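Structure first, then comments.
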Amino acid sequence: MAKTSTTTQGLRAAIERSGYYPALVAEAVEAAVGGEPIRSYLVHQETTFDQNEVRRHVTVLVLTAHRFIVSHTDEQAADDTSPTPYATTSTESVKIGRISSVVVSRVVANPESYTPGTLPREVVLTIGWGAVSRIDLEPAACGDPNCDADHGYTGNSTADDLSLRVSEAGDGPETVRQALAFAQSLSEATADLTR
């Protein structure tokens with residue numbers, strides 16, 4: 001999808017609909033995107049409960065022809081470092097060629113009667129590009145219960161730069177559709193590089 005006034009307005013309208021510091025979020029996202037055409041986007045506002053506080057957070061994902069842009073905005077209550085509440089906004093720009101994995105996990109109700117095209121109850125989108133990796137190690141062992149040799153360690157390294165969960169119950173069916181559409185656009189963009 002080429003950047004048109006409709007696409008730009010759609011992104012801006014989605015940021016406005018989130019109701020989460022729209023001027024601040026839009027300025028950060030627009031500065032990161034610059035003049036590049038927008039192929040796809042996803043805006044996800046999330047509310048979390050932290051001890052006795054309610055905190056909001058918004059993530060904006062934008063796909064251009066050459067980059068994947070992630071913007072996070074978090075609000076913070078007044079604390080020892082600031083006498084007034086404040087928000088932190090960050091953007092990261094990743095070249096499409098750096099994306100190593102796009103994982104889409106779908107949760108569907110009553111899978112025995114699933115009809116193709118039915119909206120999942122929940123979608124988890126995990127994107128890896130090598131900025132954050134998690135290594136889980138454990139002692140290696142052999143099948144001999146009497147063996148006391150040191151077999152070293154075994155484990156997994158997992159790219160886990162971004163994981164975003166949307167659900168029909170919490171975010172609405174349109175957000176689930178948008179998450180699936182964005183994941184498909186991003187998957188297609190990474191596949192284009194291998195051709």
Q. Tell me, in nm to one decimal, what length is gained between S93 and D79 on full extension, where the rule is 0.36 nm per residue of separation less the Cα-Cα distance?
A. 2.0 nm
Q | Inter-part distance where segment 89-117 and segment 6-32 are each reduced to a Cα centre, Å | A | 22 Å
Q) What trypsin sites (Lys or Arg not before Pro) in segment 59-129 are in a loop by DSSP, with at most 11 other Cβ atoms within 10 Å of the Cβ? A) none
Q) Among S185, S82, S101, which one moves the most in a GNM of the chain with springs linking Cα atoms closer than 10 Å? A) S82
Q | 5 Å-binned pair-distance histogram of segment 91-135 (Cα, whole percent) | A | 5, 16, 21, 16, 13, 11, 11, 7, 1
Q: Just the number, please: Stokes-Einstein D of segment 55-121 in µm²/s, Kirkwood Rh from C-alpha pairs, 20 °C, 1.002 mPa s.
A: 136 µm²/s
Q) In the chain, what is the volume of the convex hull around the alpha carbon atoms, normalised per residue and reported in Å³? A) 223 Å³
Q | Most fluctuating residue given options L125, L42, L137, as computed from a GNM of the chain linking Cα atoms under 10 Å | A | L137
Q) With r defined as the distance between the Cβ atoms of T8 and F49 and R0 fixed at 35 Å, what FRET efficiency is calculated, to the nearest 0.05? A) 0.55
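None of the figures in this text is laboratory data; all of them are computed from the coordinates on show. Note that the structure is predicted; figures quoted are calculated from it, not measured. When we count neighbours, we look across all protein chains shown, and the Cβ atoms used for this are built from the backbone with ideal geometry, even at glycine.
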